[in-house]
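The values are calculated or read from the model by the stated rules, or taken from the named source; none is laboratory data. What you are looking at is a predicted structure, and each value in this text was computed from that prediction instead of being measured. For neighbour counting, all protein chains shown are included, and Cβ atoms are generated from backbone atoms with ideal geometry for every residue, glycine included. Keep in mind that these areas ignore ligands, DNA and RNA; they rest on the heavy atoms of the full protein, side chains included. Shrake-Rupley method; radii C 1.70, N 1.55, O 1.52, S 1.80 Å.
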Amino acid sequence: MSEEEKKKISYSGMQATGMLHLGNYLGALKNWIPMHDEYECFYGVMDLHSLTVRQDPPQFRKTAKSLYVQYVAAGLDPEKNCVYFQSHVDAHPYLSWILSCFTYMGELSRMTQYKAKSEQHADNVNAGLFTYPVLMAADILLYQATVVPVGNDQKQHVEIARDIAQRFNSIYGDVFTVPEPVFGKNARRVMSLADPEKKMSKSDENQNATVFLLDDRDTIIRKFKRAKTDSGSEIIYSSEKPGIMNLMDIYASVTGKSNEEIEKEFSGKGYGDFKMAVGEAVSDALSGVKNRYDDLMKNMDYIERCIKENNEKARYVSGRTLSKVRRKVGLTDIL
Ligand code: AQP
């Protein structure tokens, strides 16, 4: 295949900090699934990133493997996508160090996620939390990704990866592809069901705030029934109704309906009917994920074979970029 015919690269990943939720799925994972037709895809279990928060080692190992299986159960085919573990590929922290020498303290201190996480983990504001975007830039740039499918909360991190790539390229020539973030049509930022001003998050202590991919139908419907809504009773898409707006975004994302169609469908109906419909639609969209997950967990040989093969591919592809970077910055040949 000639250079021009080569597929462009898609790169993304998720932290192994808990069970995947509807925000991770609608904001990112769902969009990854069909991309392999058009792109060569690399998706990581970002376990090095997860270390910015203290992890219990035995539980962390389980969570990281479970995340891989959840990817597959949700529909990401590890035979068509290079789904691998970040910590199994040494090039990630290696390039991260080199890129940290091309990143300014000022730009890192402007990252909103750093500010939010330092408040959330005030007792552990470690340097990794601060340099997180550099590791993320290394993840993306190692694979020469053209697109990075992420939720809207990661926009700033992809932008800094672009800045670092451009800075490096302006000194050493075209070493890195400059990546673009890509977002889904709806649900770019799924909000907490308990507080629609806050994003839905794996680590939210309120279990009713977050819908997990492995929740059963009754639990999903119960969580939506309890979702915080706004004053009034009309189902309309308005910034004055953040709770309803969030539910409409979710409903639009799982049904493919437009806001106008949704407003028409629920005209004259109340919040209760709408919440029930959203709960049912989400649970339909996620139906089968839990069963597939349980089956895959019983077949870890298959999963481990996929991890091994994909790790090797990730090492090979990232190794090529790292060699080029080493040469460009003037590091001596490895003997
Ligand atoms: N609420 C969300 N809406 C849309 N997209 C979201 N993503 C996360 N939350 C939402 C997207 O999921 C991908 C993986 O995110 P991550 O696990 O790497 O990190 P995160 O953004 O910090 O996710 P959480 O769930 O909030 O984890 P914790 O609680 O550990 O901090 C990214 O593409 C992200 O945009």
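Observations on the model:
- Evaluation of Gly18 against (1) open to solvent by 20 Å² or more (accessible area, probe 1.4 Å); (2) near the ligand (Cβ under 8 Å from one of its atoms) (one fails), failing number: (1)
- Some residue of the stretch 26-39 being open to solvent by less than 10 Å² (accessible area, probe 1.4 Å), more than 10 Å from the ligand (Cβ to nearest atom) and closer than 12 Å to Leu76 by Cα: no
- The residues in the stretch 196-238 that are open to solvent by 70 Å² or more (accessible area, probe 1.4 Å) and either in contact with a helix residue (DSSP H, G or I) (Cβ under 7 Å, 6 or more places away or on another chain) or closer than 16 Å to Leu286 by Cβ (or both) can be counted, and the count is 11.
- Positions within the stretch 307-325 being without any contact (Cβ under 8 Å) to a residue 60 or more places away in the chain and farther than 19 Å from Val83 by Cα, in sequence order: Ser323
- Residues that are within 6 Å of the ligand (Cβ to nearest atom) and closer than 14 Å to Lys228 by Cα, drawn from the stretch 192-208: Lys199, Met200
- Residue within the stretch 51-59 that is of a type outside the set (Ser, Thr, Tyr), in contact (Cβ under 8 Å) with a residue 40 or more places away in the chain and open to solvent by 40 Å² or more (accessible area, probe 1.4 Å) present: yes
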